[in-house]
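Take a look at the structure below.
The values are calculated or read from the model by the stated rules, or taken from the named source; none is laboratory data. Just so you know, these numbers come straight off a predicted model, no measurement behind them. A quick note on method: Cβ atoms are made from the backbone with ideal geometry, for glycine too, and the neighbour counts reach across all protein chains shown. Just so you know, the surface numbers come from the protein's heavy atoms only, side chains and all, with ligands and any DNA or RNA stripped out. Shrake-Rupley method; radii C 1.70, N 1.55, O 1.52, S 1.80 Å.
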Amino acid sequence: MKLYQNEISSATSRVRIALALKGLMAEALPVTILGENSESRQAGYGSINPQGLVPALLTDSGVLITQSLAIVEYLDEIKPEPPLLPDTAEGRAQARSIALAIAAEIHALLPPRIGLHLGKVFQADADAITAWNRHWVGEGMAAVEAMIAGHRQGAFAVADQPGIAEIFLFPQAISARRLGFDLARWPNIAEIVARLEAIPAFQENAPAPRQ
């Protein structure tokens with residue numbers, strides 16, 4: 001397998017964590033994602049992934065899979081152990097709800113291309129873009145905290161072992177901390193992240209800080 005990735009990308013981090021939990025290997029193919037002239041915005045990468053986003057996984061059979069949730073669930077299907085989804089229909093739905101609340105409602109408003117557009121169309125400077133990011137992260141993580149608090153029964157967000165919910169939560173929480181948030185304002189998230197930081201698959205595959 002080959003993984004088109006960028007180490008600062010929290011979406012890439014999700015897939016790298018899943019690979020590590022599964023004990024699977026993928027050749028890393030770096031793709032730059034910052035700036036107008038990034039590789040992700042060029043026709044060459046667009047011919048690979050029309051969305052121009054990372055990550056993208058090229059399977060051993062030559063099929064390209066985009067979107068981190070689809071990639072993580074693919075990895076769960078090709079190597080079922082350890083499972084990344086709970087064993088009940090309700091638990092699986094809850095785990096996916098948390099993952100999508102992060103991927104679709106928080107992270108979707110934060111990628112570099114959003115900042116570029118805000119600057120180009122609305123003349124937003126770096127401080128304004130940071131304020132934009134902090135607004136959506138703060139609002140979104142508060143909602144995720146409430147979701148977890150409403151049905152948490154185990155050591156982690158949904159169960160007693162980490163899975164898809166935590167794979168999506170951990171990189172977003174690390175990014176929130178780098179934006180200046182104290183995770184203690186979200187006590188369930190803070191406790192879960194502390195547990196995850198002790199697990200090498202998570203700690204070693206956190207998104208790298210932007211330089």
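Enter the Cα centre distance for the pair segment 97-136 and segment 17-90, rounded to the nearest angstrom. Cα centres, segment 97-136 to segment 17-90: 21 Å. Comparing mean-square fluctuations of Arg178, Arg16, Arg113 from a GNM of the chain with C-alpha springs under 10 Å, the top value falls on Arg178.
What's the carbon and sulfur percent of segment 28-118's accessible surface, probe 1.4 angstrom, rounded to a whole number? Walk me through the intermediate numbers first.
Details: 2690 of 4720 Å².
The C+S portion of the solvent-accessible surface of segment 28-118 is 57 percent.
Taking label points 7 Å from Cα along the Cα-to-Cβ direction, Val63 and Ala149 give a separation of 4.1 nm. In the context of the full set of protein chains, segment 60-211 has a per residue accessible area of 51 Å² (1.4 Å probe).
Taking the Cα centre of segment 49-151 as origin, work out the dipole magnitude from +1 charges on Lys and Arg Cβ and -1 charges on Asp and Glu Cβ, in debye rounded to 20.
Details: 6 positive and 12 negative charges, 72 e Å.
Computed about the Cα centre, the dipole is about 340 debye.
Counting only lysines at least 8 places from Lys2 when in the same chain, those with an alpha carbon closer than 17 Å to its own are Lys22, Lys79. Rounded to 0.05, the FRET efficiency of the Ile114 and Ala190 pair, given R0 = 25 Å and the Cβ-Cβ distance, is 0.40.
For Gln203 and Ala28, FRET efficiency with R0 = 22 Å and r from the beta-carbon atoms, rounded to 0.05? Please report the intermediate quantities before stating the final value.
On the way: r = 18 Å, r/R0 = 0.82.
Computed FRET efficiency for Ala28 and Gln203: 0.75.
Given their separation in residues at 0.36 nm each and the Cα-Cα distance between them, Asn37 and Gln161 gain 40.5 nm when the chain is fully extended. Short-range pairs are left out: with C-alpha atoms under 8 Å and at least six residues apart, the relative contact order of the chain is 25 percent. Rg over Rh of the chain, using C-alpha atoms and the Kirkwood radius, what does it come to? Reported Rg/Rh, Kirkwood definition of Rh: 0.96. All other residues whose Cβ lies under 15 angstrom from that of Ile8 are scored, Lys and Arg at +1 and Asp and Glu at -1, for a net of +4. May I ask you to list the aspartates and glutamates whose Cα is less than 16 Å away from that of Lys120, ignoring any residue fewer than eight positions away on the same chain? Here the aspartates and glutamates satisfying the reach criterion relative to Lys120 are Glu36.
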